[in-house]
Amino acid sequence: MKELGDAQTANSTLEEEQLLEALLRDDRLRSARGYRQRFSMSGRSVRLRPPGNKAEQVIEQENEQVKKQLLDQLREVPPEVFEHIVAALFTAMKYEEAVVTRHSRDGGVDVHATLVGGGVMTVPASIQVKRWTKPVTVKEVRELRGTLPPGTQGIIVTTGKYTKDAPREALSDRLTPIHLIDGRLLADLLTEHGIGVQASRLSLLSLDLNALASITGRAESTTQIIPSQLSNSTQRRYYIGKMPSDRDSCLLDSIVTMTSLADGQPTWDDYIASFKQHFPTITRSDEARRRSRVLVSLGLVDIENGHMSLTLTGRHLLENPNAGFLYDVFTSRIAGAQEIQDFALSLTRAQLRAKLRTEPPAGLSPTQAGLVEKWLHHLKPSIPIKPSPHAQ
């Protein structure tokens, strides 16, 4: 059974790594093509980036205008120049031997190239280019297919668009597939490979409350913490704030409710208004903000560009509101949580609280250690604690 559990854990870790790599590839590709990135990542925490950053919107709009101008220029160059530009693009896309055909012998094909896969498989490609503003139709797709030798990849590149039925004809299961590149994708590919455009890089700043959350607890503590007192492992963890509500209620339910309010990427102001409705004892907005930051410390939510965003961990909690999962998240992320849990295994709660007042974990003040213990107690009331000698 242990081997099975280890295998399942390994598979889960592999799937997470593959997902993270896929998201990173998507972001790198979008950035190279001049688009706003979809995701934000901090360590293994991933979230969908919210809308609302005006600077990014302006940049993306300007990039779209540049691509439009690029297509306009391509439509004005001589046909043979456009063919050489397409050949250069396919060379940049790792095709080999991309050459422009002689016009007297092209048979409708303008560029020949070879796709090499892993140094083993080679696929010849016949590329037809069209500097058109009108749509490419089924007729052109069929004509190119009729010229292809067996085993040859057919590609049409146009500065315009395709009719609605052209893609269906191109990708028919019964026939040799023809790959279609329209003007928008052509502009994206040229941008990605730096052909006809130049990219300038400027750092765009955004608020990182993840970093702030890691020191919030120290700032709120009544005892000053000297940075040199912190161990390396503590520095990589987060400091917890007050519980979401002072009322006696199930902490898991409260955290799940708080996390659910962040679904849909509300603005932070809208989130705080909803928070105060669900937790009416918290009447001040600044206090509601402080309480809601515990979600950032727990890695359930991030705040960027004035919007709340669920992380993958937060989404998992909403889909599976499990106390054990939340407890594991807490002990893995919150400074001092694991140490205090270890103390609790051999002490009564009264003894534990007394110990934390005089010997808190390194990097925590007694006040902060007491707060972590309170969270642990409410998150996992069944925590194995030595019974009090006065208990009946």
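Where a number appears in this text, it was derived from the coordinates with a stated rule and is not lab data. Keep in mind that this is a model prediction, so the values were computed, not measured. Every residue, glycine as well, gets a Cβ built from its backbone with ideal geometry; the counts of neighbours run over all protein chains shown.
Taking 0.36 nm per residue of separation and subtracting the Cα-Cα distance, what length does fully extending Q61 through A92 add? Working shown, then result.
Numbers: separation 31, 0.36 × 31 = 11.16 nm, distance 2.58 nm.
Using 0.36 nm per residue and subtracting the Cα-Cα distance, I get 8.6 nm.
Here are some pairs, K242/K355; K54/K130; K276/K380; which of them have Cα atoms lying more than 28 Å apart in this structure? Write out the running numbers ahead of the final one.
Values: K242/K355 21 Å; K54/K130 36 Å; K276/K380 26 Å.
Checking Cα-Cα distances, K54/K130 exceed 28 Å.
Arrange the following residues from fewest to most other Cβ atoms within 10 Å of their Cβ: Y239, Y95. Write out the running numbers ahead of the final one.
Details: Y239 27, Y95 22.
With the sparsest Cβ surroundings first, the list reads Y95, Y239.
Using 1/(1 + (r/R0)^6) with R0 = 51 angstrom and r between the beta carbons of L29 and D342, what's the FRET efficiency to the nearest 0.05? Let's see the in-between values first.
Details: r = 45 Å, r/R0 = 0.89.
Computed FRET efficiency for L29 and D342 comes out at 0.65.
Can you tally the net charge around F275? Count Lys and Arg as +1, Asp and Glu as -1, for every other residue whose Cβ sits under 9 Å from the Cβ of F275. Mind showing how you got there, number by number?
Numbers: positive: K276, R289, R291; negative: none.
Its environment carries a net charge of +3.
Sort K380, K94, K130, K68 so that the residue with the fewest other Cβ atoms within 10 Å of its own Cβ comes first and the one with the most comes last.
Details: K380 20, K94 10, K130 16, K68 13.
So the ranking, lowest neighbour count to highest, is K94, K68, K130, K380.
For segment 265-327, state which trypsin sites (Lys or Arg not before Pro) are in a DSSP loop and have at most 11 other beta carbons lying within 10 Å of their beta carbon.
On the way: sites: K276, R284, R289, R290, R291, R293, R315; in loops: R284, R293.
Taking segment 265-327 and a limit of 11 other Cβ atoms within 10 Å, the loop trypsin sites (Lys or Arg not before Pro) found are R284.
Straight-line reach from K67: which aspartates and glutamates have Cα under 12 Å away, leaving out those fewer than 8 places along the same chain?
By straight Cα distance, K67 reaches D188, E192.
Grab the other residues whose beta carbon is less than 12 angstrom from that of S260, score K and R as +1, D and E as -1, and report the net.
Numbers: positive: R315; negative: D253, D263, E319.
Here the charged neighbours net out to -2.
Going by C-beta contacts inside 10 Å, put W375, W132 in order with the fewest on the left. Intermediate values should be presented prior to the final figure.
Numbers: W375 22, W132 14.
Listing W375, W132 from fewest to most nearby Cβ atoms yields W132, W375.
Of all DSSP beta bridges located in segment 61-178, what percent are antiparallel, nearest 5? Numbers along the way, then the final one.
Working: 11 of 19 bridges.
The antiparallel proportion sits near 60 percent.
Looking at the square roots a ≥ b ≥ c of the eigenvalues of the Cα gyration tensor of segment 69-192, which shape do they give, rounded for a/c under 1.5, prolate if a/b is larger than b/c, or oblate?
Numbers: a/c = 1.42, a/b = 1.09, b/c = 1.31.
Verdict is rounded for segment 69-192.
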